[in-house]
Amino acid sequence: DGGITQSPKYLFRKEGQNVTLSCEQNLNHDAMYWYRQDPGQGLRLIYYSQIVNDFQKGDIAEGYSVSREKKESFPLTVTSAQKNPTAFYLCASSTLLTSGRETQYFGPGTRLLVL
Amino acid sequence: GDSVTQMEGPVTLSEEAFLTINCTYTATGYPSLFWYVQYPGEGLQLLLKATKADDKGSNKGFEATYRKETTSFHLEKGSVQVSDSAVYFCALNSGAGSYQLTFGKGTKLSVIP
């Protein structure tokens, strides 16, 4: 079955630690995205990538980093510079059209908690 | 900039009641509009979408019509079920090469038997 997988489902971070969230898709989509979701809030875009080895900052990129070495994979690192990392992180992917009509498909999410 | 405003929740309905969740937007371009649903502990699933004025998106008994004159995309369902309990997000993509979705804050729906 085609889809998006995220791992782990739960992740615990200690103070000063960097952690990496995994996102893999087998939908053959060119574009991938990372969103952060806080309770009672909508989703906010962290980073997105339209092509391998290229990515752009979203609205809340500070304290995060990404890489896109393979089309299928778009890992997100939450660095120690992110002072309030507790949130639900969602990865998404879509085809790459210019119309803006593309549907973004979401993974099941990773919940990050600070110890 | 782009923004989406949804009605505040939570919304509690009895089974078989009529559902409306209001959504209005502001956008710089000619946006595409989406409704996503999130069940507890899960990611978002596309519920329906509309890409031009007067289009009606529909899925699983849910409907929403793209109203450009009122900049609205209200979600409706004639008879809700307990299994419809979830958080519903309205979102837009302003188009013209933009890949960013702008989301509303979500509306939590609880359906009681």
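The values are calculated or read from the model by the stated rules, or taken from the named source; none is laboratory data. Only a predicted model underlies this, so the values are computations on that prediction, with no experimental measurement involved. Positions of Cβ are generated from backbone atoms using ideal geometry, with glycine treated the same way; all protein chains shown enter the neighbour counts. Ligands, DNA and RNA are excluded from the accessible area calculation, which covers all protein heavy atoms including side chains. Shrake-Rupley method; radii C 1.70, N 1.55, O 1.52, S 1.80 Å.
Key figures for this structure:
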| quantity | calculated |
| --- | --- |
| Exposure ranking of B:LYS52, A:LYS71 by accessible area [1.4 Å probe, largest first] | B:LYS52, A:LYS71 |
| Relative contact order for chain A, counting Cα pairs under 8 Å that sit 6 or more residues apart, in percent | 34 |
| Selection from B:SER110, A:TYR48, A:GLY107 lying farthest towards where the dipole of the protein assembly as shown points positive, charges on Cβ | A:TYR48 |
| Calculated from backbone phi, Karplus (6.51, -1.76, 1.60) coupling profile of segment B:63-78 in Hz, x at Gly/Pro | 9, 8, 10, 6, 10, 6, 5, 10, 6, 9, 8, 6, 8, 9, 8, x |
| Segment A:35-86: relative contact order in percent, alpha carbon pairs under 8 Å with at least 6 residues between | 24 |
| Size of the A/B contact, given as accessible area buried on both chains, probe 1.4 Å, in Å² | 1900 |
| Coil-residue chymotrypsin sites (Phe, Trp or Tyr not before Pro) of segment B:9-57, DSSP, other Cβ within 10 Å capped at 15 | B:PHE18 |
| Interface residues, segment A:100-115 - accessible area loss of 50 Å² or more versus chain alone, probe 1.4 Å | A:GLY100, A:ARG101, A:THR103, A:GLN104, A:PHE106 |
| Equivalent ellipsoid semi-axes, the protein assembly as shown, via Cα gyration tensor eigenvalues times 5, rooted, Å | 29, 21, 15 |
| Cross-link table A:LYS71/B:LYS56; A:LYS83/B:LYS105; B:LYS52/B:LYS105; B:LYS49/B:LYS77; A:LYS9/B:LYS49; A:LYS14/B:LYS108, entries beyond 25 Å C-alpha to C-alpha | A:LYS71/B:LYS56; A:LYS9/B:LYS49; A:LYS14/B:LYS108 |
| Alpha carbon centroid spacing (whole Å) that separates segment A:47-110 from segment A:1-41 | 8 |
| Chain B: relative contact order as a whole-number percent, Cα under 8 Å and 6+ apart | 37 |
| Global size of chain B as Cα Rg and Dmax, reported in angstrom | 13.5, 45 |
| Probe 1.4 Å, protein heavy atoms only - accessible area per residue of segment B:42-95 in square angstrom | 41 |
| Chain A, accessible surface, carbon-and-sulfur percent (1.4 angstrom probe) | 48 |
| Largest-first ellipsoid semi-axes for segment A:23-115, taking √(5λ) over the Cα gyration tensor eigenvalues, angstrom | 22, 14, 12 |
| Test item: B:99-111 mean partner chain Cβ contacts at 10 Å | 5 |
| Lys/Arg +1, Asp/Glu -1 at C-beta; segment B:62-107 dipole; positive extreme among B:TYR99, B:ALA86, B:PHE73 | B:TYR99 |
| Eligible aspartates and glutamates near B:LYS60 by straight Cα distance, threshold 20 Å, same-chain separation 8 or greater | B:GLU15, B:GLU16, B:GLU42, B:GLU76, B:ASP84 |
| Cβ charges +1 (Lys, Arg) and -1 (Asp, Glu), total dipole of chain A, debye | 300 |
| Portion, in percent, of the accessible area of chain B that falls on carbon or sulfur, probe 1.4 Å | 49 |
| Mean Cβ neighbour count within 10 Å, used as a protection proxy, ranking B:74-86, A:83-95 highest first | A:83-95, B:74-86 |
| About the Cα centre, charge dipole magnitude for segment B:21-113 (Lys/Arg +1, Asp/Glu -1 at Cβ), debye | 80 |
| Interchain or long-range residues, amide H under 5 Å from A:TYR47's placed H | A:TRP34, A:GLY58 |
| Residue-normalised accessible area of segment A:45-115, given per residue in Å² at a 1.4 Å probe | 45 |
